[in-house]
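A.B. asks: One structure, pasted below without further comment.
The values are calculated or read from the model by the stated rules, or taken from the named source; none is laboratory data. Source: prediction; values computed, not measured. For neighbour counting, all protein chains shown are included, and Cβ atoms are generated from backbone atoms with ideal geometry for every residue, glycine included.
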Amino acid sequence: MTTTHRLARLDETTPTVVLSYGLGEDSTAILLRWIKDPTSRDFDLSDLVVITAMTGNEWESTRTAVETHVLPRLAAAGIRYIQVGRARRHVTKAGDGVVVLDDSRTPTQLHIDGDYTLWDEMVESGTIPQSGGARMCSVHAKGDVLDPVIAAITRGEPYRHVMGFEAGEQRRAVKDATYNTERRTGDYPLIDWGWSRADAIAYTESVTGSSVGKSACFYCPFAFANRANRREVFARYAADPAVGARTLLMEHLALALNPAQGLVGGTRLIDLIRAEGLTDVLAAFDELLAEQEYAFYEVRRILRPRMADPTKLGNAARSVRIRTRGTRTLLQGTLDRLAAQGEEQRKVKSIVGEDKIMRLYQYQRGATFPTVERFFVVAPALALAKEADNFDTWWAEALAVAEGVKVAS
């Protein structure tokens, strides 16, 4: 296991209870009640380990709240608290790629900055977290990190894995229970207590005089699920424009490489920020863009049909290549010149999308599948070049059978 330091051997006790502490209202309430009310648990606190997987992109308000109200109580109770993160994108089942940020019974600092962050992974991939399907960002940044560490500290002995699912989230508990093994048993105290989120918040406030607030990455698409949530996030952006700017930078890069992207359920966050009149966030975003090194990207995409319904998109394969790097002014000038020369020869077509990003197309995707597209675009040099080993073969095959592709020639 790759770590900044090894897991501390504070004692020879193997924990029988492991709490996945997500830093939010639900798991905080569980932890505080266990500390304050011994009748709420059937184990000794010396048998408990609390563990958090840091994505590296938590709100500063979460750091402040947990350091003020939770860590001192953990230290006073002598509860072992382990904070872990990723040292690189991929973590092995053996724990390679996991970094231990802190392992202590007297914690004083919340290491929310992590090491290799989820934001790093997103921009290197030139994409955004997806709001549909499985929450793979959470699987990679949390689950893949927690599993090998929990396996190491429990040493093959049976343990209860406590999750902060509240009353009304029985479906999540049922799904989680499918991961039970001879050693691991999922445990859901809030459901057992019949506590809702409101109950959890009320309890935390009764103990600390405050709540810890919502825990999430500052760009989490699920935080934009409804108007009330969006208002809360936008208020946080207004209070810390630099955080909003970093979120817009992630989306901008993803849009440049794929105009179909959009952080708010396919809708562009930048459009909502403009509509809200968050001028400080927009100004911080412009400054952040100006600071970046830029790349001249070539993007090729193959869009294949569904097996069951060939009129609908099944899957896509993408190649991203970096032709050169430089300043935005220099590279945009190069793109403009190529557009002028190529359009005169009817070989390419420049299009400025609704996202206000200019792309120079050699092939535009057609209306039927399979189809392809190829374009050039200037964007911040944060995404890595990437393509499958067989992509050129796939490209040639797809290009030969694609129908309705607009070829400028």
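A.B. asks: Mind checking which residues of segment 81-99 are of a type in the set (Ser, Thr, Tyr) and at pLDDT 65 or above?
C.D. replies: Tyr81, the sole residue that qualifies.
A.B. asks: Consider only pairs whose beta carbons are under 6 Å apart and that are at least six residues apart or on different chains; among these, list those whose first residue lies in segment 286-310 and is farther than 17 Å from Arg323 by Cβ and not assigned by TED's automatic domain parsing to the domain that holds Ile273 and whose second residue is surrounded by 16 or more Cβ atoms within 10 Å (Cβ to Cβ) and among the polar types (S, T, N, Q).
C.D. replies: Leu303/Thr371
A.B. asks: List the number of the failed condition for Gly262; all other conditions in (1) outside the structural domain of Gly24 (by TED's automatic domain parsing); (2) of a type in the set (Gly, Ala, Ser); (3) crowded, with 18+ Cβ neighbours inside 10 Å; (4) assigned to a helix (DSSP H, G or I) hold.
C.D. replies: Of the numbered conditions (1) outside the structural domain of Gly24 (by TED's automatic domain parsing); (2) of a type in the set (Gly, Ala, Ser); (3) crowded, with 18+ Cβ neighbours inside 10 Å; (4) assigned to a helix (DSSP H, G or I), the odd one out for Gly262 is (4).
A.B. asks: Regarding Ala198, is this residue at pLDDT 95 or above, more than 30 Å from Tyr297 (Cβ to Cβ) and under 24 Å from the mean Cα position of the chain (by Cα)? Spell out the reasoning first.
C.D. replies: Working: at pLDDT 95 or above: yes; more than 30 Å from Tyr297 (Cβ to Cβ): yes; under 24 Å from the mean Cα position of the chain (by Cα): no.
Here the answer is no, as Ala198 does not meet what is asked.
Conditions tested, residue by residue: (1) among the hydroxyl-bearing types (Ser, Thr, Tyr); (2) at pLDDT 95 or above; (3) crowded, with 18+ Cβ neighbours inside 10 Å.
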| site | (1), (2), (3) |
| --- | --- |
| Ala316 | no, no, no |
| Arg325 | no, yes, no |
| Gly333 | no, yes, no |
| Arg359 | no, yes, yes |
| Ala367 | no, no, no |
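A.B. asks: Can you pull out every residue in segment 270-303 that is farther than 23 Å from Glu124 by Cα and small (Gly, Ala, Ser)?
C.D. replies: Ala275, Gly277, Ala283
A.B. asks: Turning to a different aspect of this structure: What are the pairs with Cβ atoms under 9 angstrom where one residue, in segment 78-100, is closer than 13 Å to Ala152 by Cα and the other, located anywhere, is at pLDDT below 70 and of a type in the set (Gly, Ala, Ser)? Sequence gap at least six, or different chains.
C.D. replies: Ile82/Ala8; Val100/Ala8
A.B. asks: Let me ask something additional. Quick one: is Glu67 of a type in the set (Asp, Glu) and either modelled with pLDDT of 95 or more or in contact with a Cys (Cβ under 6 Å, 6 or more places away or on another chain) (or both)?
C.D. replies: The answer is yes for Glu67.
A.B. asks: Of the residues that make up segment 3-15, is at least one modelled with pLDDT of 95 or more, among the basic types (Lys, Arg) and under 30 Å from the mean Cα position of the chain (by Cα)?
C.D. replies: no
A.B. asks: While we're on this one: From the list Glu293, Glu343, Glu232, Glu298, which one is touching a strand residue (DSSP E or B) at 6+ places or on another chain (Cβ under 7 Å), surrounded by 12 or more Cβ atoms within 10 Å (Cβ to Cβ) and at pLDDT below 95? Quick ask: steps written out before the conclusion?
C.D. replies: Working: Glu293 fails: at pLDDT below 95; Glu232 fails: touching a strand residue (DSSP E or B) at 6+ places or on another chain (Cβ under 7 Å); Glu298 fails: at pLDDT below 95.
It is Glu343.
A.B. asks: Next question, about the same structure. Give me the residue from segment 23-62 that is part of a helix (DSSP H, G or I) and of a type in the set (A, V, I, L, M, F, W, C) and, out of that set, nearest to Ala87 (Cα to Cα).
C.D. replies: That would be Leu31.
A.B. asks: Before we move on, is Ala398 more than 27 Å from the chain's Cα centre (by Cα), within 28 Å of Gln341 (Cβ to Cβ) and of a type in the set (Gly, Ala, Ser)?
C.D. replies: Spelling it out, Ala398 is indeed more than 27 Å from the chain's Cα centre (by Cα), within 28 Å of Gln341 (Cβ to Cβ) and of a type in the set (Gly, Ala, Ser).
A.B. asks: Out of Ser138, Ser196, which single residue is closer than 30 Å to Leu248 by Cα and among the hydroxyl-bearing types (Ser, Thr, Tyr)?
C.D. replies: Testing whether each residue is closer than 30 Å to Leu248 by Cα and among the hydroxyl-bearing types (Ser, Thr, Tyr) leaves just Ser138.
A.B. asks: Output yes when any residue across segment 192-202 is of a type in the set (Val, Ile, Thr), out of contact with any Lys or Arg (no Cβ under 7 Å at 6 or more places or on another chain) and free of Cβ contacts under 8 Å to residues at least 40 places away in the same chain, and no when none is.
C.D. replies: No, there is no match, as no residue in segment 192-202 is of a type in the set (Val, Ile, Thr), out of contact with any Lys or Arg (no Cβ under 7 Å at 6 or more places or on another chain) and free of Cβ contacts under 8 Å to residues at least 40 places away in the same chain.
A.B. asks: Right, Thr393: in the same structural domain as Pro310 (by TED's automatic domain parsing) and surrounded by fewer than 22 Cβ atoms within 10 Å (Cβ to Cβ) or not?
C.D. replies: So Thr393 passes the test.
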